[in-house]
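The values are calculated or read from the model by the stated rules, or taken from the named source; none is laboratory data. Predicted model, so just to flag it, every value in this text is computed and none were measured. All Cβ positions, even for glycine, are placed from backbone atoms using ideal geometry, and neighbour counts span all protein chains on display. Accessible surface is based on the protein model in full, side chains and every heavy atom, while ligands, DNA and RNA are left aside. Shrake-Rupley method; radii C 1.70, N 1.55, O 1.52, S 1.80 Å.
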Amino acid sequence: MPRKPRLSVAGVCEHVIQRGNNRQVIFATEEDMKAYLTWLKEYSNRFQVLVHAWGIDL
């Protein structure tokens with residue numbers, strides 16, 4: 001059964017976690033991670049979203 005949609009309120013901070021199914025690795029190579037970070041920067045600027053932290057689980 002799919003998850004219910006989440007409510008997002010403008011101006012309210014959200015905690016977002018990006019990971020694969022069953023915590024599988026989502027970046028096959030370092031180049032994949034660099035591409036993701038490039039897109040994250042581009043779209044956060046475009047949509048005026050502040051990214052306060054970035055971390056990698058090892």
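Annotation note: chymotrypsin sites (Phe, Trp or Tyr not before Pro) in the range 7-58 located in DSSP loop regions with a Cβ neighbour count of at most 15 within 10 Å are PHE27, PHE47, TRP54.
Per-residue extension of 0.36 nm, minus the Cα-Cα distance of ARG6 and GLU30, leaves a gain of 5.5 nm for this segment.
Quick one: with all protein chains in place, what share of the accessible area of the chain is carbon or sulfur, to the nearest percent (1.4 Å probe)? C and S fraction of accessible area: 55 percent.
Summed over the residues of the chain and divided among them, the accessible surface reaches 109 Å² per residue at a probe radius of 1.4 Å.
List the trypsin sites (Lys or Arg not before Pro) within the chain that DSSP assigns to loop and that have no more than 10 neighbouring Cβ atoms inside 10 Å. If you can, show how the numbers build up before the last one.
Numbers: sites: ARG3, ARG6, ARG19, ARG23, LYS34, LYS41, ARG46; in loops: ARG3, ARG6, ARG19.
Within the chain, the qualifying trypsin sites (Lys or Arg not before Pro) (loop, at most 10 other Cβ atoms within 10 Å) are ARG3, ARG6, ARG19.
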